[in-house]
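S.K.: To start, I am sharing the structure in question, which I have written as structure tokens.
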Amino acid sequence: SSGDGIGPEISTAVMKIFEAAKAPIQWEERNVTAIKGPGGKWMIPTEAKDSMDKSKIGLKGPLKTPIAAGHPSMNLLLRKTFDLYANVRPCVSIEGYKTPYTDVDLVTIRENTEGEYSGIEHVIVDGVVQSIKLITEEASQRIAEYAFEYARNNQRASVTAVHKANIMRMSDGLFLRKCREVAENFKDIKFTEMYLDTVCLNMVQDPTQFDVLVMPNLYGDILSDLCAGLIGGLGVTPSGNIGANGVAIFESVHGTAPDIAGKDLANPTALLLSAVMMLRHMGLHGQAKKIETACFDTIRDKKVLTKDLGGNSKCSEFTGEICRRVQDME
Amino acid sequence: YNSSLTKPPPAKYGGRHTVTLIPGDGIGPELLTHVRELFRFCCVPVDFEIVSIDSKSTSDDDMNNAITAIRRNGVALKGNIETNHNLPPSHISRNNILRTSLDLYANVIHCQTLPGVRTRHRDVDIIIIRENTEGEYSSLEHENVPGVVECLKIITRKKSLRIAEYAFNAARQNGRRRVTAVHKANIMKLGDGLFLQCCKEVAAGYPEITFDSMIVDNTTMQLVSKPQQFDVMVMPNLYGSVISNVCAGLVGGPGLVPGANYGKDYAVFETATRNTGKSIANKNIANPTATLLASCLMLDHLRLHGYASMIRKAILATVSETRLHTADLGGQGTTSEVVQSVMREIESKGPRTSEQI
């Protein structure tokens, strides 16, 4: 799904690069903008859902959520439709795109269905609000299993569970327990536990100490953005959402940037790196490496960069440069 | 840093103050011993009443005695008490109990880049005002259905207004220009929505101060790329934990930043990031700076500004000496070397008369 705003042009960029790389991907474009189904319930268009159920793998550009009353969050709808329970963000420092942090190479794995985002809130009495954070054994086990499997499949050495069980003894305690249980089945992976605040403190001083991090929803939301900030922001950070039944949707997590939409100024890096993540998920490691290297080399070279990366080039020029490098690698 | 919303206890006969001292676990005991050593050296008119609450205390009596002592003295200096998070939920964090029993509603942390400390970002100067008694730290959890735990986050109008008032008042008192409320009201529409609403209401009474708000995840992203944009920040409890740890990390780490917890009637001082430092305890390698600076905040609270300034100046002079840096700052200095240096620094300024103090 191309998405809105700059979505279409960065999607085109990705497809061009994939073509240049001769990646064995056939694209099926579907619109996922919610429609009102029979009975008045908001849903993803049937064609989109059917396509996903068949192919299992999706790539998504940024979506705008209309501020109309009653309109659901697009991302929430997708999440619920495909039970996208794990949000995965690899954060790797990009050589050539300088930030105060170097050698970052970590992955945040965030439980994406429950926790603090249950949406259950009540006004107890006037002026007193109760928001409910839900932690279940099932969801905690599922995300822990995903984290350890991811670590194993991607040759990562350790998994750290991030929690605040000193304060939220029952809920975070349950999450922690499930992580410990799952860790028993993955003796080849080192398992550690760390308080959320200690992770924050250490992350901004020395992010190189971290590898794979697994955590409940809110902490994952915060930490994944913090880590994106370390490597340069949402414009260069890939993201993947893993669902039940083998479904996986990869996406750029930046906004739709309506002010530059249609002007050939957008930076397709985030969507491209998400597509690379997608290739790796599908086992196409060779293609993934080729495209990723071409992208990083282009950025490192600094000759053809989009404005947000510090250059003057158009999106099409940046894309063209990556295509050229990919083809040269043949 | 100026805080006028908490009234300090009056000095006893003879002009001396009694302060409750809670050594805690890990590096707390050794660092607080250094504080006492330093105070004796400087003839600070403070007597410490030591109350030992640590992870080994199991009875409620110990906690109650500690709380009574702090109520009596009005002020405390503490190390962190370790929480065994493998114990059942009935065993609530001792630190949390202290904060809620004494209604220490404002956790105030001032993160500033210090001269001589090498960090990735320069010119950071952020005051964090964190609601310290409710939110996610309400200790209300239950398991109605096996395998399904509910944890309640409580946000009240009363406490949100109170902390917002504290933040804007502090901004005004300290000549700060901008207060940013940190929240996640797009998701927690009622809870964080209420918090945000209260901040807006209080902001209206401080027209000279700019008020804005930022979603917590974006805030952390902004902090690691451009922390200079922030001035005063106010937020509910959990985000406060995240933001204060990020900011402490930005300016040099847990060994440098002091923290204060203010209530209407009581004030408790400690390090900003509340670490026990178990792995480095009793090795003479912990950085005493944060604890020493916390004791200065305490002296300011007691209106002993002369002593506070004298000691603070000496600490800052010492921390700018790279050769004295402890391991957390990348050096090989020991705790006692740092403390000795502070004392030498004070001594070198010559004897003070009581008028100067």
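The values are calculated or read from the model by the stated rules, or taken from the named source; none is laboratory data. Here the structure is a predicted model, which means the values were calculated and not measured. Quick reminder, even Gly has a Cβ in these numbers, built from the backbone with ideal geometry, and neighbours come from all protein chains shown. Please note that ligands, DNA and RNA were not included when accessible areas were found on the heavy atoms of the full protein model with its side chains. Shrake-Rupley method; radii C 1.70, N 1.55, O 1.52, S 1.80 Å.
S.K.: Search the structure for amide H atoms under 5 Å from the amide H of B:Glu49, placed 1.01 Å from N in the peptide plane, and list their residues when 5 or more places away or on another chain.
M.R.: The list, which skips near neighbours in sequence, is B:Val19, B:Thr20, B:Leu21.
S.K.: Per residue in segment B:182-209, which ones lose no less than 40 Å² of accessible surface when going from chain alone to all protein chains (1.4 Å probe)?
M.R.: B:Ile187, B:Met188, B:Leu190
S.K.: Holding the Cα-Cα limit at 20 Å, pick out from B:Lys153/B:Lys184; A:Lys60/A:Lys98; A:Lys60/B:Lys189; A:Lys36/A:Lys64; A:Lys16/A:Lys49 the pairs that are longer than that. Please list the in-between numbers first.
M.R.: On the way: B:Lys153/B:Lys184 13 Å; A:Lys60/A:Lys98 27 Å; A:Lys60/B:Lys189 27 Å; A:Lys36/A:Lys64 17 Å; A:Lys16/A:Lys49 25 Å.
Table pairs above 20 Å Cα-Cα are A:Lys60/A:Lys98; A:Lys60/B:Lys189; A:Lys16/A:Lys49.
S.K.: Per residue of B:248-254, how many C-beta atoms from partner chains lie within 10 Å of its own C-beta, taken as a mean? Each step should come with its number before you reach the end.
M.R.: Details: counts 5, 7, 4, 1, 1, 5, 5.
Rounded to a whole number, the mean comes out at 4.
S.K.: Rounded, prolate or oblate: which fits segment A:101-239 when a ≥ b ≥ c are the square roots of the eigenvalues of the alpha-carbon gyration tensor, with rounded for a/c under 1.5 and prolate only if a/b beats b/c?
M.R.: Taking the square roots of the gyration eigenvalues as a ≥ b ≥ c, segment A:101-239 is oblate.
S.K.: If you don't mind, there's one more thing I want to ask. At 1.4 Å probe size, put B:His17, B:His85, A:His122 in order of accessible surface, largest to smallest. Before the final figure, lay out the partial values.
M.R.: Numbers: B:His17 15, B:His85 40, A:His122 80 Å².
These residues rank, largest area first, as A:His122, B:His85, B:His17.
S.K.: Here is a follow-up. Write down the accessible area per residue of segment B:250-304 in Å², having rolled a 1.4 Å probe over the full set of protein chains. Each step should come with its number before you reach the end.
M.R.: Working: 1500 Å² over 55 residues.
Per-residue accessible area for segment B:250-304 comes out at 27 Å².
S.K.: Follow-up question, since we're still on this one. Work out the mean other chain Cβ neighbour count within 10 Å for the residues of B:91-99 and drop it here as an integer.
M.R.: Working: counts 1, 3, 3, 0, 2, 2, 0, 0, 0.
Per residue, the average neighbour count from other chains is 1.
S.K.: Right, something else. Could you pull out every Cys in chain A that lacks a partner Cys with its beta carbon under 4.7 Å away?
M.R.: Isolated Cys, chain A: A:Cys179, A:Cys200, A:Cys295, A:Cys315, A:Cys323.
S.K.: Please say if segment A:173-302 is rounded, prolate or oblate, where rounded means a/c under 1.5 for a ≥ b ≥ c the square roots of the C-alpha gyration tensor eigenvalues, and otherwise the choice is prolate for a/b larger than b/c and oblate otherwise?
M.R.: On the way: a/c = 1.88, a/b = 1.55, b/c = 1.21.
Because a/c hits 1.5 or more and a/b exceeds b/c, segment A:173-302 counts as prolate.
S.K.: Another question, then. What Kirkwood radius, in Å to one decimal, follows from the Cα pairs of chain B?
M.R.: Details: mean 1/r = 0.0477 Å⁻¹.
Final number for the Kirkwood radius of chain B is 21.0 Å.
S.K.: Report the relative contact order of segment A:82-145, percent, no decimals, based on alpha-carbon pairs under 8 angstrom and at least 6 residues apart. Don't skip to the answer; put the middle values down first.
M.R.: Working: 79 pairs, mean separation 19.3, N = 64.
Once divided by the residue count of segment A:82-145, the mean separation gives 30 percent.
S.K.: Residue by residue through segment A:297-311, which ³J(HN,Hα) values in whole Hz follow from phi under the Karplus form 6.51 cos²θ - 1.76 cosθ + 1.60 (θ = phi - 60°), with glycine and proline marked x?
M.R.: Here the 3J(HN,Hα) series is 4, 4, 5, 5, 5, 6, 7, 10, 10, 6, 4, 5, 8, x, x Hz.
S.K.: To continue, here is another question. Give the long-range amide H neighbours of B:Ser213: residues separated by 5 or more places, or on another chain, with amide H under 5 Å away, using H modelled in the peptide plane at 1.01 Å from N.
M.R.: Result for B:Ser213 returns B:Ala181.
S.K.: While we're on this one: Taking the alpha-carbon centroid of each part, what is the distance from segment B:230-268 to segment B:40-85 in angstrom?
M.R.: Here the two parts' Cα centres lie 21 Å apart.
S.K.: Among bridges DSSP assigns within segment A:119-247, what percent are antiparallel (round to 5)?
M.R.: Working: 4 of 13 bridges.
Antiparallel bridges: around 30 percent, rounded to the nearest 5.
S.K.: Is segment A:112-194 best put as rounded, prolate or oblate by its Cα gyration tensor, with a ≥ b ≥ c the root eigenvalues, rounded for a/c under 1.5, and otherwise prolate when a/b is larger than b/c, oblate when not? Walk me through the numbers on the way to the answer.
M.R.: On the way: a/c = 3.24, a/b = 2.49, b/c = 1.30.
Prolate shape, in that a/c is at least 1.5 and a/b is the bigger ratio.
S.K.: Another question, if that's okay. Determine ³J(HN,Hα), in whole Hz, for all residues of segment A:91-102 in sequence, where each value follows from phi through the Karplus function 6.51 cos²θ - 1.76 cosθ + 1.60 and θ = phi - 60°; x replaces Gly and Pro.
M.R.: Per residue, the Karplus-derived 3J(HN,Hα) values read 10, 10, 4, 9, 5, x, 10, 6, 10, x, 10, 10 Hz.
S.K.: Still on this structure, I have one more. Over the alpha carbons of the protein assembly as shown, what is the largest minus smallest coordinate on each principal axis, giving the biggest first in Å?
M.R.: The principal-axis extents, from largest down, are 85, 56, 55 Å.
S.K.: For A:Val304, what residues show an amide H to amide H distance below 5 Å, using hydrogens built from the backbone and excluding near sequence neighbours?
M.R.: Hits under the 5 Å cutoff: none.
S.K.: Further, regarding this structure: Looking only at segment B:127-269, where both bridge partners belong to it, what percent of the DSSP beta bridges are antiparallel (to the nearest 5)? Don't skip to the end; give the middle numbers.
M.R.: On the way: 7 of 20 bridges.
Taking every DSSP beta bridge within segment B:127-269, about 35 percent pair in antiparallel fashion.
S.K.: Determine the calculated [θ] at 222 nm for chain B from helices alone, applying -39500 (n - 2.57) to every DSSP H run no shorter than 4 residues and normalising by the residue count; nearest 500 deg cm²/dmol. Present the calculation step by step, with values, prior to reporting the outcome.
M.R.: Values: 10 runs with 133 residues, N = 357.
That comes out to -12000 deg cm²/dmol.
S.K.: Next question, about the same structure. Isolated Cys in chain B by the 4.7 Å beta carbon test?
M.R.: Cysteines of chain B left without a disulfide-compatible partner: B:Cys42, B:Cys43, B:Cys151, B:Cys198, B:Cys199, B:Cys296.
S.K.: Now for a different question. Take peptide B:149-161, look around each residue's Cβ out to 10 angstrom, count Cβ atoms belonging to other protein chains, and average those counts.
M.R.: On the way: counts 14, 10, 14, 7, 9, 5, 6, 6, 4, 2, 2, 2, 1.
Counting other chains' Cβ atoms within 10 Å and averaging over B:149-161 gives 6.
S.K.: At what distance in angstrom do the alpha carbon centres of segment B:169-195 and segment B:201-220 lie from each other?
M.R.: Result: 5 Å between the Cα centres.
S.K.: Give the interface area between chains A and B as buried accessible surface, both sides summed, probe 1.4 Å, in Å² to the nearest 100. Walk me through the numbers before you get to the answer.
M.R.: Values: alone 15640 and 16260 Å², together 27490 Å².
Summing both chains' loss of accessible area gives about 4400 Å².
S.K.: Ordered by residue, what ³J(HN,Hα) values in Hz, to whole numbers, does segment B:309-321 give under the Karplus form 6.51 cos²θ - 1.76 cosθ + 1.60, where θ = phi - 60° and Gly and Pro are x?
M.R.: Those phi angles translate into 5, 4, 5, 4, 4, 5, 5, 5, 5, 5, 5, 7, 8 Hz.
S.K.: On alpha-carbon atoms, Rg over Rh for segment B:110-239 using Kirkwood Rh? Intermediate values should be presented prior to the final figure.
M.R.: On the way: Rg = 16.3 Å, Rh = 15.8 Å.
For segment B:110-239, the value is 1.03.
S.K.: If you don't mind, there's one more thing I want to ask. Write down the percent of antiparallel bridges among all DSSP beta bridges whose residues are both part of chain B, to the nearest 5. Mind dumping the intermediate values first?
M.R.: Values: 20 of 44 bridges.
Beta bridges within chain B, antiparallel portion: roughly 45 percent.
S.K.: With axes computed from alpha carbons, what is the tilt in degrees of helix A:217-231 against the longest principal axis of chain A, rounded to the nearest 10 within 0 to 90?
M.R.: Approximately 30 degrees, to the nearest 10.
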